[in-house]
Amino acid sequence: MKNIVVLGGGISGYGSAILAKKKGFGVFLSDAGKIADRFRSKLDEWEVPYEEGGHTEERILAATEVVKSPGIPDTAPIVRRIREAGIPVISEMEFAGRYMGRAKCICITGSNGKTTTTSIIYKILRDAGYNVALGGNIGESFAYSVATGSYDWYVLELSSFQLDGMYRFRAHIGVLMNITPDHLDRYDHCFQNYVDAKMRITQNMTSRDWFVYSGDDEVIWQQLPKYDFRMRQLPFAARNAVASGAGDAFLCDGVFTATAGKASVEIDTSKLQIKGLHNAYNAMAAALAALAAGVAPAQIRRSLYDFAPVEHRLEPVLEKDGVLWINDSKATNVDSVYYALESMTRPVVWIAGGTDKGNDYEPLKAFAREKVHTLVCMGVDNAKLVREFTGVVPEVVSTASLDDALKACKAAARAGDAVLLSPACASFDLFKNYENRGELFKEWVRNNA
């Protein structure tokens, strides 16, 4: 009997373990930390054996195959030992993809915009009456959905870490939003390694499949000649003239037309609830993917106009005394902050900082000069931010806690300003994750602004 070991007891791990159990495999889940109560109760319900607080190496190395959660790096000692033993290591996506049956999947990746784009695509398909599940980085575990449901479509947000562990898996519609430097600490500080991981979204695609990608992203353009693509290509753009025989989308004067095959839809971006150029890109990508999935143009238009902003991504929290407080905690890299600052129409008090991932802040300096009058640095180590933006922004304040940071923002903000939490960094120095950072920000603002 095949013996599956699952490393990590988070949302990816518990779903994989339950799917392995359902398929009749021997299964064991191991987590070096603590498993959340909701996942532990599911494992108990399915009678999946597990351990937490450490790894029993002997039991793990008895695996036929290991399903590794995306948060565990390849450099982890237990992962190195598994590989040295010659045991295959795969991702939840690779594992669950084997048991999808006749279902199809739309897979979305990119350094930025993937959560919003994934959410829009899911909404469009659901509104259109499709039997669809949401998974990957958001929604339910893909493996758990495969184990417990029967869906015709899966809409999956994929990180580079999830793509790394995928080999035979294939996206029927693959969406690549952009590629900008991120997570370089997990890729030997080599950008090309990260680029190669993102391009895995295209692997195994056939001439029946669709590839939606940014025609404005120079990194993607540089990669395209390296690949012998057979799938139908659907580029979207606002700056470059792009065209494809299969279809495309182009934004001009606030309106875009998306075409896939013989179907087209025209969208007036002024009617969207999500604002800014980055959201126009998200809407174009979503419209192309939905057309490729066969959704009627009129339904795509209705769903796009009805779509509300994603939590923690340029989320307006409160306006008080003329000051608008905006939660953009999901902006954990420079490119996300670039689009956030670009979309600002008020003078900005900007909160940044956290765990720096090797950031180059140069692309932000033009917008910072033009729009930001105060930068409040919030992190354990603010030295790099202070150094980079002193002389660029009139006022730079260094703080070491959320409370101190927000008190400084309140003191600096004037009527007509926006206070923007858009950190450009990971949250792990002061918070559990970006959601925790965003929730605490919103709570403070509602109680103290």
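The values are calculated or read from the model by the stated rules, or taken from the named source; none is laboratory data. Here the structure is a predicted model, which means the values were calculated and not measured. Ideal geometry is used to build each Cβ from the backbone, glycine not excepted, and the neighbour counts take in all protein chains shown. Protein only, heavy atoms only, side chains kept; ligands, DNA and RNA dropped before computing areas. Shrake-Rupley method; radii C 1.70, N 1.55, O 1.52, S 1.80 Å.
Summary table
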read-out	value
Column: log10 I(q)/I(0), Debye, Cα scatterers of the range 119-207, q = 0.13, 0.14, 0.25 Å⁻¹	-0.49, -0.57, -1.32
Rg and Dmax [Cα atoms of the range 244-290; Å; Rg one decimal, Dmax integer]	10.2, 31
Distance histogram in 5 Å bins (all Cα pairs of the range 202-283, percent per bin)	3, 15, 24, 24, 18, 11, 5, 1
Fully extended contour minus Cα-Cα distance, from Lys226 to Asp381, at 0.36 nm per residue	51.8 nm
For q = 0.12 Å⁻¹, Debye-computed log10 I/I(0) when each Cα of the range 211-353 counts as one equal scatterer	-0.56
Amide H contacts of Glu51 (H built 1.01 Å from N, under 5 Å, at least 5 apart or other chain)	Leu29, Ser30, Asp31
Antiparallel content of DSSP bridges confined to the range 121-255, in %, to 5	5 percent
Isotropic mean projected area of the C-alpha convex hull, the range 397-449 (nm²)	3.8 nm²
Segments 110-116, 1-7 sorted - mean Cβ within 10 Å per residue, highest first	110-116, 1-7
Amide hydrogen neighbours beyond the local backbone of Val212, cut-off 5 Å, H modeled	Gly174, Val175, Leu176, Leu234
Solvent exposure, largest accessible area first (probe 1.4 Å, DNA, RNA and ligands not counted), of Val310, Val175	Val310, Val175
Overall form of the range 355-449 per C-alpha gyration tensor (a/c, 1.5; a/b vs b/c)	oblate
HN-Hα J in Hz across the range 82-94 - Karplus 6.51, -1.76, 1.60, θ = phi - 60°, x for Gly and Pro	4, 5, 4, 7, x, 8, x, 10, 10, 9, 4, 4, 4
Equivalent ellipsoid dimensions for the range 41-85 as semi-axes, Å, which come from the Cα gyration tensor, largest first	21, 13, 10
R0 of 51 Å, Cβ-Cβ distance Arg83-Cys252: FRET efficiency to nearest 0.05	0.55
When the convex hull of its Cα atoms is projected in every direction, mean area for the range 31-129 (nm²)	9.1 nm²
List Cys377, Cys190, ordered by accessible area with a 1.4 Å probe, largest first	Cys190, Cys377
Part-to-part distance (alpha-carbon centres) for the range 218-290 and the range 308-357, which is given in Å	25 Å
Inverse of mean 1/r across different Cα pairs in the chain, Kirkwood, Å	22.9 Å
Most to least accessible of Ser401, Ser427 (protein chains only, probe 1.4 Å)	Ser401, Ser427
Accessible-area value, Val334, 1.4 Å probe, nucleic acids and ligands omitted, Å²	20 Å²
Percent accessible area from carbon and sulfur atoms, the chain, protein chains only, probe 1.4 Å	48 percent
Simple spin-label estimate for Asn3 and Asp429 in nanometres, 7 Å along Cα-Cβ	4.4 nm
Fully extended contour minus Cα-Cα distance, from Glu45 to Asp196, at 0.36 nm per residue	50.4 nm
Label zone at Asp152, where the point sits 7 Å out along the Cα-to-Cβ direction: the range 267-294 residues whose backbone N lies under 16 Å	290-294
With all protein chains modelled, accessible area of Asp164 [1.4 Å, Å²]	50 Å²
For the chain, share of DSSP beta bridges that run antiparallel, in % to the nearest 5	25 percent
Expected 222 nm ellipticity per residue - DSSP helices of 4 or more, -39500 (n - 2.57), all of the chain, to 500	-10000 deg cm²/dmol
Cα-Cα separations in the range 280-421 greater than 28 Å, expressed as whole percent	26 percent
Kirkwood Rh (inverse of mean 1/r, distinct Cα pairs), the range 150-274, angstrom	15.9 Å
Label-zone membership for the range 13-38, site Glu57, 7 angstrom Cα→C-beta point, backbone N under 16 Å	32
